[in-house]
Amino acid sequence: MWTGRFWVSVPVYLVRNSPMTHAETELKLLLPGAQPADIEARLRQLGVLSRRRTSTQWLWNVYHDTPDQALRQQRQALRMRCVSDRPWKSTATATTLRGSWIQTFKSAGVSQGGLSRRGEWESHERTGRLNPQALRATPWADLDPDGQLFATLQPCFETRCRRTVWTLHRYQGATIEVALDVGEINAGGRSEPILELELELQSGDPEALFTLARAVASAQAVLPCDVSKAERGYRLAQGVLHPAALAVPLPLPAEATPLEAASQALAATYDQFTRNLSSLLASDAPEVVHQARVAWRRWRSAVHLFSPWLPHPPGSDGLRPLLDALGPLRDLDVLRTDTLGRWLPAFVDADESRQHIADRAIARIDQARTAQRERVRAVLALPATGQALLGLAHDLARLNAQAAAVPAGPPAPWAAARIRKLAKRLEVALKASRKPKADPERVHRTRILAKRTRYAVEILRDLLPARRAKTLIQAATAVQTRLGDDRDLQQAVRLLGELQVDPVLVGFMRGVLANDARSAARRQSA
């Protein structure tokens with residue numbers, strides 16, 4: 001799992017005569033805007049990689065699982081890899097490949113202090129057939145003691161790529177392998193391209209990875225992302241392409257220190273943010289944009305929540321162009337899918353001759369959405385965006401080290417005290433926003449505070465009384481929804497005017513907004 005630091009794989013345990021195990025410390029980078037045909041040549045021109053020897057391999061991986069994907073459900077993986085020093089013929093299949101075969105079993109990852117550790121066992125095989133004997137000296141023996149699971153394994157998906165490798169010796173005192181993978185994933189008759197760069201630390205300080213990544217990002221746009229080829233392959237096998245990444249519950253031990261909680265919370269939101277950005281490179285789904293924005297709001301909420309304890313809050317100034325592009329796209333999506341989806345039927349029902357007005361408005365909005373989405377992708381393809389994202393990842397690595405240096409103690413009331421303070425601020429803001437003719441900016445700030453309170457409670461939920469946490473989340477969500485509906489109507493009127501749609505539709509939406517405002521006033525006075 002990408003945690004905003006780096007990918008780490010270490011052996012869980014070693015057994016005499018077991019398959020070979022090794023540890024990995026790695027940064028995985030997508031390459032927005034790059035073209036498979038010339039990316040290798042462009043990378044060779046980078047000062048940090050120029051004059052370095054390269055080697056090239058062709059990798060064909062076949063992932064195996066049961067029909068119900070039992071390994072995936074337990075976060076395990078079993079792979080057969082064929083490594084060749086020359087490309088395969090177009091007619092080659094997994095059973096006719098010629099090269100060196102390696103069987104790899106990967107156990108479930110264990111998160112410790114924000115890093116992900118997983119066991120990896122490799123064995124060299126003579127053919128591409130799975131070898132159950134090589135699995136006996138690994139945790140597979142506990143997973144499948146009687147061999148019934150192994151008997152049901154079948155190919156699930158394949159990945160094929162050309163890998164170009166640079167090895168940097170004595171770089172910032174470290175040895176780093178840089179691998180460029182260009183290829184595709186195939187599953188169920190569907191395919192998805194592979195274009196990514198992996199920086200793997202062979203020896204030395206992980207700080208060198210960030211130094212090298214920034215050197216690459218100075219000339220080539222990068223996007224740190226933890227989505228593995230295996231995860232993408234499973235999605236492809238299920239017919240799920242570029243999904244929106246949702247926030248996941250954050251398990252915190254009762255004795256968690258503020259820095260430990262901050263480290264894990266910021267890592268989780270960074271993970272959600274970058275995963276949605278990676279999906280946005282190819283997906284037009286409004287939910288991907290929505291969840292990217294949610295992730296960033298959760299990030300800002302976490303920074304505010306833990307601000308009393310953060311020695312150096314992570315900086316995000318370099319992401320301003322991206323955030324400024326995401327906002328208008330989300331506004332257009334909401335206008336098209338939510339606001340007009342709700343009110344256009346009433347607009348047309350009042351007069352069927354208005355259908356052509358509605359159709360033209362939708363066409364104009366969709367055109368604006370397409371143009372804005374391309375602007376977002378253009379910003380993602382700027383080197384400065386990748387540099388900013390790497391900067392956040394580096395800040396998180398430092399925060400993780402600081403958190404690890406603080407010893408855990410008995411459960412402390414810091415979380416409850418912090419939430420009480422936020423809840424009190426929201427209560428005061430709500431009273432002010434309910435006054436007649438309340439300043440719209442004050443109402444907007446109240447909505448933001450409601451979101452911030454909700455996200456803060458969700459982050460610290462495991463450290464709070466269950467009933468109190470549930471009540472606060474429900475109350476903050478209700479405020480956020482109510483004020484959000486008002487803002488969506490205001491945004492609809494503004495955007496329709498800017499897009500110069502028919503004044504009849506603009507006037508109708510102004511009437512909806514006015515009626516909503518009168519209803520809100522009656523609710524407040526009741």
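The values are calculated or read from the model by the stated rules, or taken from the named source; none is laboratory data. Note that the coordinates shown come from a computational prediction; the quantities given were computed from them, not determined experimentally. Note that each Cβ is placed from the backbone with ideal geometry, even for glycine, and that neighbours are counted across all protein chains shown. Keep in mind that these areas ignore ligands, DNA and RNA; they rest on the heavy atoms of the full protein, side chains included. Shrake-Rupley method; radii C 1.70, N 1.55, O 1.52, S 1.80 Å.
Model label sites at Val83 and Asp351, defined 7 Å from Cα along the beta-carbon direction, differ in position by 7.3 nm. Maximal additional length on extending the His124-Gln238 stretch stands at 38.0 nm, based on 0.36 nm per residue less the C-alpha distance. The calculated FRET efficiency for Thr96 paired with Glu498, based on their beta-carbon distance and R0 = 60 Å, is about 0.50. Compared with the rule-of-thumb size 2.2 N^0.38 Å for a compact globular protein, segment 308-449 has a Cα radius of gyration ratio of 1.57. For a paramagnetic label modelled on Gln73 (point 7 Å from Cα along Cα→Cβ), amide N atoms under 20 Å away belong, within segment 144-180, to 144-157.
Label-to-label distance, Phe150 versus Glu374, with points set 7 angstrom from Cα along the beta-carbon direction: 5.5 nm. Taking the longest Cα principal axis of the chain as reference, the axis of helix 383-404 is set at about 80 degrees. Stretching Asn186 away from Ala466 to a fully extended chain increases their span by 96.3 nm, per 0.36 nm per residue minus the current alpha-carbon distance.
With respect to the chain, whose longest principal axis is taken over its alpha-carbon atoms, helix 355-380 is tilted by about 40°. Each label point was placed 7 Å from the Cα along the Cα-to-Cβ direction; for Leu513 and Glu207 their separation is 5.3 nm. Using a 1.4 angstrom probe on heavy atoms only, work out the carbon and sulfur share of the accessible area of segment 218-276 in %. Ligands and nucleic acids excluded, carbon and sulfur reach 61 percent. Inter-part distance, segment 442-506 to segment 298-322, computed on C-alpha centroids, equals 20 Å. The alpha-carbon of Lys435 sits under 19 angstrom from the alpha-carbons of these aspartates and glutamates, leaving out residues fewer than 8 places away in its chain: Glu427, Asp485, Asp486, Asp516.
Test of understanding: what is the full-extension gain from Arg52 to Glu441, defined as 0.36 nm times their sequence separation minus their Cα-Cα distance? Don't jump to the answer; show the numbers that get you there.
Working: separation 389, 0.36 × 389 = 140.04 nm, distance 5.61 nm.
Extending this stretch completely gives an extra 134.4 nm.
How big is Rg to Rh over segment 415-510, alpha-carbon atoms, Rh as the Kirkwood inverse-mean-distance radius?
1.13
So which of Lys424/Lys451; Lys431/Lys470; Lys28/Lys89 end up more than 19 Å apart by C-alpha? In this structure, Lys431/Lys470; Lys28/Lys89 exceed 19 Å between Cα atoms.
Principal-axis analysis of the Cα atoms of the chain puts helix 320-333 at an angle of about 60° to the longest axis.
With semi-axes defined as the square roots of five times the eigenvalues of the C-alpha gyration tensor, the equivalent ellipsoid of segment 122-202 measures 32, 21, 10 Å, largest first. Calculated accessible area for the chain comes out at 48 Å² per residue, all protein chains present (probe 1.4 Å; ligands, DNA, RNA ignored).
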